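Notes follow once the structure below has been shown.
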Amino acid sequence: MAAIKNIIFDLGGVLLNIDYKKTSRAFTDLGVAGFDDLYSQVTANHLFEALETGEISDEAFYAEMAPHCAPDTSVLQMQQAWNRILLDFREGSLEFLKQLRERYNIYLLSNTNSIHLQEFNRILQAQTGEASLDEFFTKSYYSHIMKKRKPYPETYKWVLDDAGIEAEETLFIDDSINNIKGAMVAGLQTHLLLPNEKIEDLGLL
């Protein structure tokens, strides 16, 4: 096994605490039936995948969600429900990234969307004073900007090519087994981060 020179991190569940159930409950409260069948950690239907790959705008997303909600549900209510998934950053893990940068090239690869990007940067600034996660990484890759998302192997290959790094020298850390499997197909070394684990406990230094 090749020595690790690069590490690619997932965001939600790795650096940022998230809770899918909070968003699920929030949309259920807005009248959405079967939200968990539409979106979960494991899968996303076409609407959510389109949002995460930048195929549709925020406005189009809300317009598609509105018929599933109770009459007169506002865009603000849908936005707040969608953002309920985002909790707080693991500040110890963010600090650890600064140490890792002295030894590795480190990257962020997140399935996300412009609504969440604005919100988690707001949370980040409130917690740490940093305006953007870009400050912590060699480069950040967001699915809605790349127009590609995990777990598709071509997504990882695109990132490797863009970063100019080799798969066998790169460790990918994610909390989703589906994303880990996709990375393995692309030839990366991988670590599935378990619910009780944090990146600073993985012996990377």
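Note on the chain: helix-only mean residue ellipticity at 222 nm, from DSSP H runs of 4+ residues weighted -39500 (n - 2.57) and normalised by residue number, equals -12000 deg cm²/dmol.
State which entries of K98/K198; K22/K198; K157/K181; K98/K139; K5/K98; K150/K181 exceed 18 angstrom in Cα-Cα distance in the structure shown. Checking Cα-Cα distances, K22/K198 exceed 18 Å. Bridgeable aspartates and glutamates around K148 (alpha carbons under 18 Å apart, same-chain partners fewer than 8 residues away excluded): D10, E49, E52, E55, D58, D161, D162, D174.
Estimate the FRET efficiency between M1 and N178 by the formula 1/(1 + (r/R0)^6), using the beta-carbon distance for r and 22 Å for R0, to the nearest 0.05. After rounding, the FRET efficiency stands at 0.45.
Could you give the distance between the Cα centres of the stretch 123-156 and the stretch 22-95, to the whole Å? A separation of 18 Å, based on Cα centres.
Taking a ≥ b ≥ c as the square roots of the Cα gyration tensor eigenvalues, with a/c under 1.5 meaning rounded and otherwise prolate when a/b beats b/c, else oblate, which class fits the stretch 20-83? Judged from the Cα gyration tensor, the stretch 20-83 comes out oblate (a/c at least 1.5, b/c at or above a/b). Across every pair of non-identical alpha carbons in the stretch 9-117, the mean reciprocal distance, once inverted, gives a Kirkwood radius of 15.2 Å.
Every number here is computed from the coordinates shown, using simple stated rules; none is lab data. Keep in mind that this is a model prediction, so the values were computed, not measured. Every residue, glycine among them, receives a Cβ derived from its backbone with ideal geometry; neighbour counts consider all protein chains shown.
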